[in-house]
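The values are calculated or read from the model by the stated rules, or taken from the named source; none is laboratory data. Everything numeric here is computed off the predicted structure, so don't read it as measured data. Cβ coordinates were reconstructed from backbone atoms using ideal geometry, including for glycine residues, and neighbour counts include every protein chain displayed. Heavy atoms of the whole protein, side chains included, go into the accessibility calculation; ligands, DNA and RNA do not. Shrake-Rupley method; radii C 1.70, N 1.55, O 1.52, S 1.80 Å.
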Amino acid sequence: MPGHEIVGRVAAVGARVTGFAPGDLVGVGCIVDSCKHCEECAEGLENYCDGMIGTYNFPTPDAPGWTLGGYSQAIVVHQRYALRIRHPEAQLAAVAPLLCAGITTWSPLRHWNAGPGKKVGVVGIGGLGHMGIKLAHALGAHVVAFTTSESKREAAKSLGADEVVVSTDPQQMAAHLKSFDLILNTVAAPHDLDALLVLLKRDGAMTLVGAPASPHPSPNVFNLIMKRRTLAGSMIGGIPQTQEMLDFCAEHGIVSDIELIRAEHINQAYERMLKGDVKYRFVIDNATLAE
């Protein structure tokens, strides 16, 4: 059922398709339809459309009644939701996770104007976090990676982090009090948000992109009030912004760090993922489905 980070070649196009031709390298991300006429769709923010249809397991009027995802040999998509890939073909497998992990981190970095002169923290060095570090670095921000594991220090620096903070060390955390413009929190498990909120300067923002199965402990409101800080959330990005991200990554040579697997190895990959044994995304070679 899942599969919402899809890359491949156009096999055929309908008579009214104008933007693509057979043979083009394209991607399909998390969105395959939306209402196309609301305020969000008009602004290219289809990800916030109440009628957005996701690429897998969303209800649809077409048979069989829900979307089936991209773990398949072919998929049919409206041209509005197809994206042009400008990376070299040899990088296609590593481009695929950009369509979720890439845009999920790119969107808040762009919304909160990460770039030169800005200090950006990235909490968690996993599938989302490793892309957040790469993108914030390429945008020209001073990037600080937060991890609970000292063993991830060199990996974070190799991804582009200027500094690495072990968040379980009070002294390392205290050294960064009231200094961040933006903190991108990618952790998908409940944790103490106050320890990070106090690192924001006045008018700084922490945006949550990790989605834990149970709520975070409620933060201390005074940590927000006293410095006019913002605690926010962000969800992927619209189609125009996803294309912007792909073009930026092609220009700067950015891809995800992946491990390519055959379809028959998906169960083993899933078990490894549950143990955190992947740097940082598994990608399935769908050509192996036919075998």
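Do you know which residues across segment 148-171 are open to solvent by 50 Å² or more (accessible area, probe 1.4 Å) and either touching a residue at least 40 places away in the same chain (Cβ under 8 Å) or of a type in the set (S, T, N, Q) (or both)?
Listed by number, the residues that qualify are Thr148, Ser151, Ser158, Thr168, Gln171.
If you scan segment 24-66, which residues turn out to be among the hydroxyl-bearing types (Ser, Thr, Tyr) and either under 21 Å from the mean Cα position of the chain (by Cα) or exposed (fewer than 13 other Cβ atoms within 10 Å of the Cβ) (or both)?
Of everything in segment 24-66, those that are among the hydroxyl-bearing types (Ser, Thr, Tyr) and either under 21 Å from the mean Cα position of the chain (by Cα) or exposed (fewer than 13 other Cβ atoms within 10 Å of the Cβ) (or both) turn out to be Ser34, Tyr48, Thr55, Tyr56.
Quick test for you: out of Arg110, Arg80, Arg84, pick the one residue that is under 24 Å from Asp203 (Cβ atoms) and modelled with pLDDT of 95 or more.
Going through Arg110, Arg80, Arg84 in turn, just one is under 24 Å from Asp203 (Cβ atoms) and modelled with pLDDT of 95 or more: Arg110.
Does Gly233 meet the test of being of a type outside the set (Lys, Arg) and at positive phi?
no
What tally of residues in segment 79-125 results from selecting those that are surrounded by fewer than 17 Cβ atoms within 10 Å (Cβ to Cβ), under 23 Å from Ala188 (Cα atoms) and touching a Phe, Trp or Tyr at 6+ places or on another chain (Cβ under 8 Å)?
Number satisfying all stated conditions: 0.
Out of the helices (runs of 4 or more DSSP H) lying entirely within segment 178-279, which hold 3 or more residues that are free of Cβ contacts under 8 Å to residues at least 24 places away in the same chain and open to solvent by 30 Å² or more (accessible area, probe 1.4 Å)?
Once the helices (runs of 4 or more DSSP H) in segment 178-279 are filtered for at least 3 residues that are free of Cβ contacts under 8 Å to residues at least 24 places away in the same chain and open to solvent by 30 Å² or more (accessible area, probe 1.4 Å), what remains is 221-225, 266-274.
Inspect segment 17-39 for any residue being in a helix (DSSP H, G or I) and more than 26 Å from Arg262 (Cβ to Cβ) and give the result as yes or no.
Yes.
Quick one: which residue in Asn185, Asn223 is more than 30 Å from Ala94 (Cα to Cα) and modelled with pLDDT of 95 or more?
Asn223
With the structure loaded, tell me whether Phe20 is among the aromatic types (Phe, Trp, Tyr) and either free of Cβ contacts under 8 Å to residues at least 60 places away in the same chain or within 16 Å of Gly238 (Cα to Cα) (or both) or whether it fails that test.
For Phe20, the condition - among the aromatic types (Phe, Trp, Tyr) and either free of Cβ contacts under 8 Å to residues at least 60 places away in the same chain or within 16 Å of Gly238 (Cα to Cα) (or both) - is not met.
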